[in-house]
1. Considering only region 107-123, state which residues are closer than 20 Å to Leu17 by Cα, in contact (Cβ under 8 Å) with a residue 12 or more places away in the chain and out of contact with any helix residue (DSSP H, G or I) (no Cβ under 8 Å at 6 or more places or on another chain).
2. Please find, among Ile76, Ile80, the residue that is part of a loop (DSSP other than H, G, I, E, B), surrounded by 13 or more Cβ atoms within 10 Å (Cβ to Cβ) and within 11 Å of the chain's Cα centre (by Cα).
3. For residues that are among the acidic types (Asp, Glu) and in a helix (DSSP H, G or I), scanning just region 40-73, find the one that is farthest from Arg3 (Cα to Cα).
4. Can you go through Lys99, Lys90 and tell me which one is more than 15 Å from Leu21 (Cβ to Cβ), at pLDDT 95 or above and in contact with a Pro (Cβ under 6 Å, 6 or more places away or on another chain)?
5. Out of everything in region 88-101 that is without any contact (Cβ under 8 Å) to a residue 12 or more places away in the chain and not hydrophobic (A, V, I, L, M, F, W, C), what residue ends up being surrounded by the fewest Cβ atoms within 10 Å (Cβ to Cβ)?
6. Can you list residue pairs whose Cβ atoms sit under 6 Å apart, with the first residue in region 19-32 being in contact (Cβ under 8 Å) with a residue 40 or more places away in the chain and the second being assigned to a loop (DSSP other than H, G, I, E, B) and surrounded by fewer than 19 Cβ atoms within 10 Å (Cβ to Cβ)? Count only pairs 6 or more apart in sequence or on different chains.
7. Out of curiosity, is Ile80 out of contact with any Phe, Trp or Tyr (no Cβ under 7 Å at 6 or more places or on another chain), closer than 19 Å to Leu17 by Cα and at pLDDT 95 or above?
8. Kindly provide the set of residues from region 27-39 that are assigned to a strand (DSSP E or B) and within 13 Å of the chain's Cα centre (by Cα), ordered by number.
Amino acid sequence: MARILIVDDSPTELYILKNMLEKHGYQTLSAGSGEEGVKKAREERPDLILMDVVMPGLNGFQATRQISRDPELSNIPIIIVTTKDQETDKVWGLRQGAKDYVTKPASESELIGKIQAVLAGAV
């Protein structure tokens with residue numbers, strides 16, 4: 001089953017997303033910051049990354065750009081999961097290299113559907 005890295009600075013969001021994914025059979029890894037997310041992506045090579053945007057230090061847009069432009073990591077698809085719900089945020093996130101964009105609070109069916117679609121396209 002796919003391994004998914006969840007990058008979010010909120011322990012509550014990490015807990016909710018981890019439970020949601022594990023219930024559907026996914027293995028999860030977590031990182032509490034953009035910097036840690038980039039580091040874990042390098043070390044663990046997950047099958048997919050769920051990336052929050054609003055984080056101290058390296059934000060999710062910056063971390064997504066670093067990962068998607070790194071030749072060794074660019075094959076790892078990223079779905080941005082954030083409270084930022086403006087169309088301009090979505091466009092910017094996709095421009096940074098994200099494959100999809102979900103607004104929090106994410107419904108379980110929407111998020112799992114998008115994960116399955118992105119993983120199917122990434123195979």
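1. Lys114, Ala117, Val118, Leu119 - these are the residues of region 107-123 that are closer than 20 Å to Leu17 by Cα, in contact (Cβ under 8 Å) with a residue 12 or more places away in the chain and out of contact with any helix residue (DSSP H, G or I) (no Cβ under 8 Å at 6 or more places or on another chain).
2. Numbers: Ile80 fails: part of a loop (DSSP other than H, G, I, E, B).
Selected residue: Ile76, the only one of Ile76, Ile80 that is part of a loop (DSSP other than H, G, I, E, B), surrounded by 13 or more Cβ atoms within 10 Å (Cβ to Cβ) and within 11 Å of the chain's Cα centre (by Cα).
3. Narrowing region 40-73 to residues among the acidic types (Asp, Glu): 43-44, 47, 52, 70, 72.
Now narrow it down to the ones that are in a helix (DSSP H, G or I): 43-44.
Values: Glu43: 13, Glu44: 9 Å.
Per the criteria, the residue is Glu43.
4. Values: Lys90 fails: in contact with a Pro (Cβ under 6 Å, 6 or more places away or on another chain).
So the residue among Lys99, Lys90 that is more than 15 Å from Leu21 (Cβ to Cβ), at pLDDT 95 or above and in contact with a Pro (Cβ under 6 Å, 6 or more places away or on another chain) is Lys99.
5. Only one residue tops the list, namely Thr88.
6. These pairs meet every condition: Tyr26/Met1; Tyr26/Ala2.
7. Details: out of contact with any Phe, Trp or Tyr (no Cβ under 7 Å at 6 or more places or on another chain): no; closer than 19 Å to Leu17 by Cα: yes; at pLDDT 95 or above: yes.
Here the answer is no, as Ile80 does not meet what is asked.
8. Residues of region 27-39 assigned to a strand (DSSP E or B): 27-31.
Answer for region 27-39, where residues must be assigned to a strand (DSSP E or B) and within 13 Å of the chain's Cα centre (by Cα): Thr28, Leu29, Ser30, Ala31.
The values are calculated or read from the model by the stated rules, or taken from the named source; none is laboratory data. Keep in mind the model is a prediction, meaning the values are calculated, not measured. Please note: Cβ atoms are built from the backbone with ideal geometry, for glycine as well, and neighbour counts cover all protein chains shown.
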